[in-house]
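Just below is one structure, and these are the notes that go with it.
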Amino acid sequence: MTSNSSLNAYGYGEADYWNARYLEETEVSFDWYQRYSALRPFLRKYVSCSSRILVVGCGNSLMSEDMMKDGYVDILNIDISYVVIEMLRMCYAHIPQLKYMQMDVRDMSLFEDETFDSVIDKGTLDSLMCGTDAPLSASHMINEVNRLLKPGGIYMLITYGDPSVRIPHLNQHGCCWKITLYIIPRPDFESSAAGSSSVRSVMEPIPLTEKSQIPPEYDLEDPDSHYIYICKKMEGSTVSNLL
(Lines give C-alpha, C1' and ligand atoms only; values in the text may rest on other atoms or scores of the structure.)
Protein backbone atom coordinates (compact mmCIF):
# COMPACT_ATOMS: atom_id res chain seq x y z
CA MET A 1 0.00 0.00 0.00
CA THR A 2 2.75 2.46 0.87
CA SER A 3 6.53 2.37 0.90
CA ASN A 4 7.06 5.25 3.30
CA SER A 5 9.03 3.75 6.15
CA SER A 6 8.00 6.57 8.48
CA LEU A 7 4.52 5.04 8.69
CA ASN A 8 5.97 2.01 10.44
CA ALA A 9 6.68 4.15 13.51
CA TYR A 10 2.99 4.08 14.43
CA GLY A 11 0.79 1.24 15.60
CA TYR A 12 -2.14 -0.09 13.59
CA GLY A 13 -4.46 0.85 16.43
CA GLU A 14 -3.35 4.47 16.55
CA ALA A 15 -4.84 7.49 14.79
CA ASP A 16 -1.40 8.89 13.87
CA TYR A 17 -0.60 5.84 11.77
CA TRP A 18 -3.83 6.01 9.77
CA ASN A 19 -3.80 9.79 9.39
CA ALA A 20 -0.29 9.60 7.93
CA ARG A 21 -1.27 6.70 5.71
CA TYR A 22 -4.32 8.40 4.22
CA LEU A 23 -2.35 11.60 3.65
CA GLU A 24 0.39 9.65 1.83
CA GLU A 25 -1.78 7.41 -0.32
CA THR A 26 -3.31 8.52 -3.59
CA GLU A 27 -5.97 5.80 -3.84
CA VAL A 28 -9.51 7.13 -3.83
CA SER A 29 -10.80 3.92 -2.28
CA PHE A 30 -9.56 0.58 -1.04
CA ASP A 31 -11.49 -2.45 0.21
CA TRP A 32 -9.82 -4.81 2.66
CA TYR A 33 -10.38 -8.53 2.17
CA GLN A 34 -13.65 -8.65 0.23
CA ARG A 35 -15.82 -6.30 -1.80
CA TYR A 36 -19.52 -5.82 -1.15
CA SER A 37 -20.48 -8.08 -4.07
CA ALA A 38 -18.94 -11.07 -2.27
CA LEU A 39 -20.41 -10.15 1.12
CA ARG A 40 -23.85 -9.20 -0.15
CA PRO A 41 -25.44 -12.67 0.34
CA PHE A 42 -24.46 -12.64 4.02
CA LEU A 43 -25.68 -9.10 4.61
CA ARG A 44 -28.97 -9.79 2.88
CA LYS A 45 -29.43 -12.91 4.98
CA TYR A 46 -28.70 -11.36 8.36
CA VAL A 47 -29.12 -7.57 8.10
CA SER A 48 -32.36 -6.00 6.90
CA CYS A 49 -32.27 -2.87 4.75
CA SER A 50 -34.17 -0.93 7.45
CA SER A 51 -31.58 -1.73 10.14
CA ARG A 52 -29.64 0.99 11.86
CA ILE A 53 -26.10 -0.04 10.94
CA LEU A 54 -22.74 0.94 12.40
CA VAL A 55 -19.68 0.32 10.21
CA VAL A 56 -16.55 0.40 12.37
CA GLY A 57 -13.17 1.28 10.90
CA CYS A 58 -14.77 2.22 7.60
CA GLY A 59 -11.58 3.59 6.03
CA ASN A 60 -12.02 4.62 2.40
CA SER A 61 -13.88 1.45 1.45
CA LEU A 62 -16.71 1.56 -1.08
CA MET A 63 -18.73 -0.95 0.92
CA SER A 64 -21.10 1.53 2.59
CA GLU A 65 -21.76 3.28 -0.72
CA ASP A 66 -22.53 -0.08 -2.33
CA MET A 67 -24.84 -0.99 0.54
CA MET A 68 -26.70 2.28 0.14
CA LYS A 69 -27.12 1.64 -3.58
CA ASP A 70 -28.48 -1.80 -2.69
CA GLY A 71 -31.23 -0.40 -0.48
CA TYR A 72 -29.72 0.08 3.00
CA VAL A 73 -31.00 3.38 4.36
CA ASP A 74 -29.26 4.12 7.69
CA ILE A 75 -25.49 3.61 7.79
CA LEU A 76 -23.23 5.37 10.28
CA ASN A 77 -19.53 5.00 9.50
CA ILE A 78 -16.79 5.62 12.04
CA ASP A 79 -13.00 5.60 11.78
CA ILE A 80 -10.16 6.61 14.08
CA SER A 81 -8.65 8.78 11.32
CA TYR A 82 -9.99 12.33 11.07
CA VAL A 83 -8.25 12.58 7.69
CA VAL A 84 -10.31 9.88 6.02
CA ILE A 85 -13.52 10.94 7.77
CA GLU A 86 -13.21 14.49 6.45
CA MET A 87 -12.55 13.13 2.96
CA LEU A 88 -15.65 10.96 3.15
CA ARG A 89 -17.86 13.71 4.57
CA MET A 90 -17.00 15.89 1.60
CA CYS A 91 -17.44 13.06 -0.89
CA TYR A 92 -20.84 11.91 0.43
CA ALA A 93 -22.30 15.19 1.72
CA HIS A 94 -25.15 14.84 -0.78
CA ILE A 95 -26.15 11.33 0.40
CA PRO A 96 -28.21 11.44 3.65
CA GLN A 97 -28.14 7.65 4.10
CA LEU A 98 -24.38 7.77 4.74
CA LYS A 99 -23.09 9.49 7.86
CA TYR A 100 -19.48 9.77 9.07
CA MET A 101 -17.90 10.38 12.48
CA GLN A 102 -14.34 10.29 13.75
CA MET A 103 -14.27 7.84 16.66
CA ASP A 104 -12.15 5.16 18.31
CA VAL A 105 -13.93 1.77 18.44
CA ARG A 106 -12.43 1.19 21.88
CA ASP A 107 -14.45 4.08 23.29
CA MET A 108 -17.81 4.74 21.65
CA SER A 109 -19.32 6.27 24.78
CA LEU A 110 -20.99 8.97 22.70
CA PHE A 111 -23.59 6.32 21.82
CA GLU A 112 -26.13 5.00 24.30
CA ASP A 113 -26.59 1.30 25.04
CA GLU A 114 -28.50 -0.78 22.48
CA THR A 115 -28.37 1.88 19.76
CA PHE A 116 -27.73 -0.25 16.67
CA ASP A 117 -29.32 -3.26 14.98
CA SER A 118 -26.06 -4.30 13.33
CA VAL A 119 -22.33 -3.62 13.55
CA ILE A 120 -20.12 -4.45 10.58
CA ASP A 121 -16.38 -4.92 10.98
CA LYS A 122 -14.17 -5.64 7.98
CA GLY A 123 -10.62 -5.81 9.30
CA THR A 124 -10.87 -3.41 12.25
CA LEU A 125 -10.47 -6.00 15.00
CA ASP A 126 -7.61 -7.44 12.95
CA SER A 127 -5.98 -4.02 12.87
CA LEU A 128 -6.14 -3.72 16.65
CA MET A 129 -4.72 -7.23 16.99
CA CYS A 130 -1.64 -6.05 15.08
CA GLY A 131 -1.14 -3.02 17.30
CA THR A 132 0.21 -2.41 20.78
CA ASP A 133 -1.71 -3.75 23.80
CA ALA A 134 -3.64 -5.96 21.38
CA PRO A 135 -5.59 -8.11 23.88
CA LEU A 136 -6.72 -5.07 25.87
CA SER A 137 -7.66 -3.14 22.74
CA ALA A 138 -9.64 -6.11 21.41
CA SER A 139 -11.42 -6.52 24.74
CA HIS A 140 -12.48 -2.87 24.84
CA MET A 141 -13.71 -2.99 21.26
CA ILE A 142 -15.77 -6.17 21.68
CA ASN A 143 -17.29 -4.86 24.92
CA GLU A 144 -18.30 -1.66 23.16
CA VAL A 145 -19.78 -3.49 20.16
CA ASN A 146 -21.74 -5.73 22.51
CA ARG A 147 -22.98 -2.71 24.49
CA LEU A 148 -24.17 -0.84 21.41
CA LEU A 149 -26.10 -3.72 19.86
CA LYS A 150 -29.76 -4.26 20.61
CA PRO A 151 -30.70 -7.75 21.86
CA GLY A 152 -30.91 -9.94 18.79
CA GLY A 153 -28.60 -7.57 16.92
CA ILE A 154 -25.87 -8.80 14.59
CA TYR A 155 -22.13 -8.21 14.81
CA MET A 156 -20.68 -9.25 11.44
CA LEU A 157 -16.93 -9.76 11.73
CA ILE A 158 -14.93 -10.29 8.53
CA THR A 159 -11.40 -11.31 9.45
CA TYR A 160 -8.37 -13.43 8.57
CA GLY A 161 -8.48 -14.91 12.09
CA ASP A 162 -9.68 -18.50 12.48
CA PRO A 163 -11.82 -19.56 15.47
CA SER A 164 -8.81 -20.48 17.62
CA VAL A 165 -7.72 -16.82 17.71
CA ARG A 166 -11.00 -14.94 17.37
CA ILE A 167 -13.67 -16.80 19.34
CA PRO A 168 -11.81 -16.41 22.68
CA HIS A 169 -12.03 -12.64 22.19
CA LEU A 170 -15.67 -12.78 21.14
CA ASN A 171 -16.65 -14.96 24.09
CA GLN A 172 -15.09 -12.76 26.76
CA HIS A 173 -16.81 -12.10 30.08
CA GLY A 174 -20.07 -10.21 29.73
CA CYS A 175 -20.69 -11.22 26.12
CA CYS A 176 -23.16 -13.86 25.02
CA TRP A 177 -23.27 -14.56 21.30
CA LYS A 178 -24.83 -17.14 19.08
CA ILE A 179 -22.04 -17.50 16.52
CA THR A 180 -22.43 -18.80 12.98
CA LEU A 181 -19.22 -19.17 10.97
CA TYR A 182 -18.69 -18.98 7.23
CA ILE A 183 -15.45 -19.29 5.30
CA ILE A 184 -14.88 -17.47 2.03
CA PRO A 185 -11.78 -17.71 -0.20
CA ARG A 186 -9.76 -14.67 -1.18
CA PRO A 187 -11.12 -12.83 -4.23
CA ASP A 188 -8.16 -13.91 -6.39
CA PHE A 189 -8.07 -17.53 -5.24
CA GLU A 190 -8.47 -20.10 -8.01
CA SER A 191 -9.99 -23.33 -6.79
CA SER A 192 -8.52 -26.55 -8.13
CA ALA A 193 -11.98 -28.10 -7.74
CA ALA A 194 -13.72 -25.60 -10.02
CA GLY A 195 -16.61 -27.27 -11.78
CA SER A 196 -16.63 -30.21 -9.39
CA SER A 197 -19.91 -31.27 -7.80
CA SER A 198 -18.07 -31.49 -4.46
CA VAL A 199 -17.41 -27.75 -4.27
CA ARG A 200 -18.99 -26.32 -1.11
CA SER A 201 -21.16 -23.26 -1.25
CA VAL A 202 -19.74 -20.33 0.72
CA MET A 203 -23.25 -19.95 2.14
CA GLU A 204 -22.94 -23.25 3.98
CA PRO A 205 -22.15 -22.50 7.65
CA ILE A 206 -19.22 -24.37 9.16
CA PRO A 207 -20.24 -26.84 11.88
CA LEU A 208 -18.02 -26.06 14.85
CA THR A 209 -16.88 -28.52 17.48
CA GLU A 210 -17.97 -28.38 21.13
CA LYS A 211 -14.92 -26.19 21.76
CA SER A 212 -16.03 -23.80 18.98
CA GLN A 213 -13.27 -24.87 16.61
CA ILE A 214 -13.25 -25.98 12.98
CA PRO A 215 -13.51 -29.79 12.77
CA PRO A 216 -10.09 -31.37 12.07
CA GLU A 217 -11.48 -33.13 9.00
CA TYR A 218 -12.56 -29.86 7.40
CA ASP A 219 -10.65 -29.24 4.17
CA LEU A 220 -9.63 -25.59 3.99
CA GLU A 221 -8.83 -25.32 0.29
CA ASP A 222 -7.59 -21.75 0.46
CA PRO A 223 -5.18 -21.59 3.44
CA ASP A 224 -5.56 -17.80 3.51
CA SER A 225 -9.34 -17.78 3.50
CA HIS A 226 -11.37 -15.06 5.17
CA TYR A 227 -13.69 -15.90 8.05
CA ILE A 228 -17.13 -14.38 8.50
CA TYR A 229 -18.48 -14.56 12.05
CA ILE A 230 -22.18 -13.81 12.37
CA CYS A 231 -22.54 -13.00 16.05
CA LYS A 232 -26.11 -12.63 17.27
CA LYS A 233 -26.38 -10.85 20.60
CA MET A 234 -28.41 -12.90 23.04
CA GLU A 235 -30.63 -11.50 25.78
CA GLY A 236 -28.93 -10.32 28.95
CA SER A 237 -25.47 -9.72 27.45
CA THR A 238 -25.24 -5.94 27.71
CA VAL A 239 -21.96 -4.74 29.14
CA SER A 240 -21.79 -1.29 30.70
CA ASN A 241 -19.13 1.06 29.37
CA LEU A 242 -15.82 -0.02 30.89
CA LEU A 243 -13.67 2.82 29.57
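For residue 75, are the conditions met, namely being crowded, with 23+ Cβ neighbours inside 10 Å, among the β-branched types (Val, Ile, Thr), farther than 16 Å from residue 16 by Cα and in contact (Cβ under 8 Å) with a residue 24 or more places away in the chain?
Considered against the rule, which asks whether it is crowded, with 23+ Cβ neighbours inside 10 Å, among the β-branched types (Val, Ile, Thr), farther than 16 Å from residue 16 by Cα and in contact (Cβ under 8 Å) with a residue 24 or more places away in the chain, residue 75 comes out as yes.
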Within segment 108-151, which residues are out of contact with any helix residue (DSSP H, G or I) (no Cβ under 7 Å at 6 or more places or on another chain) and in a strand (DSSP E or B)? 117, 118, 120, 121, 149, 150, 151
Take the conditions open to solvent by less than 10 Å² (accessible area, probe 1.4 Å), touching a residue at least 12 places away in the same chain (Cβ under 8 Å) and in a strand (DSSP E or B) and apply them to residue 154. Does it pass? no
For the list (1) surrounded by fewer than 22 Cβ atoms within 10 Å (Cβ to Cβ); (2) at negative phi, I need the number of the one condition that residue 124 fails. (1)
The one condition in (1) touching a Leu at 6+ places or on another chain (Cβ under 8 Å); (2) open to solvent by less than 50 Å² (accessible area, probe 1.4 Å); (3) in a loop (DSSP other than H, G, I, E, B); (4) not aromatic (Phe, Trp, Tyr) that residue 191 fails to fulfil: (1)
First in segment 79-97 and closer than 18 Å to residue 127 by Cβ, second anywhere and among the charged types (D, E, K, R) and open to solvent by 20 Å² or more (accessible area, probe 1.4 Å), Cβ under 7 Å, 6 or more apart: 80/104
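The values are calculated or read from the model by the stated rules, or taken from the named source; none is laboratory data. It should be emphasised that the depicted structure is a prediction, and the values quoted were computed from it without experimental measurement. All Cβ positions, even for glycine, are placed from backbone atoms using ideal geometry, and neighbour counts span all protein chains on display. For the accessible areas, the whole protein counts, side chains as well, though only heavy atoms, and no ligand, DNA or RNA atoms are used. Shrake-Rupley method; radii C 1.70, N 1.55, O 1.52, S 1.80 Å.
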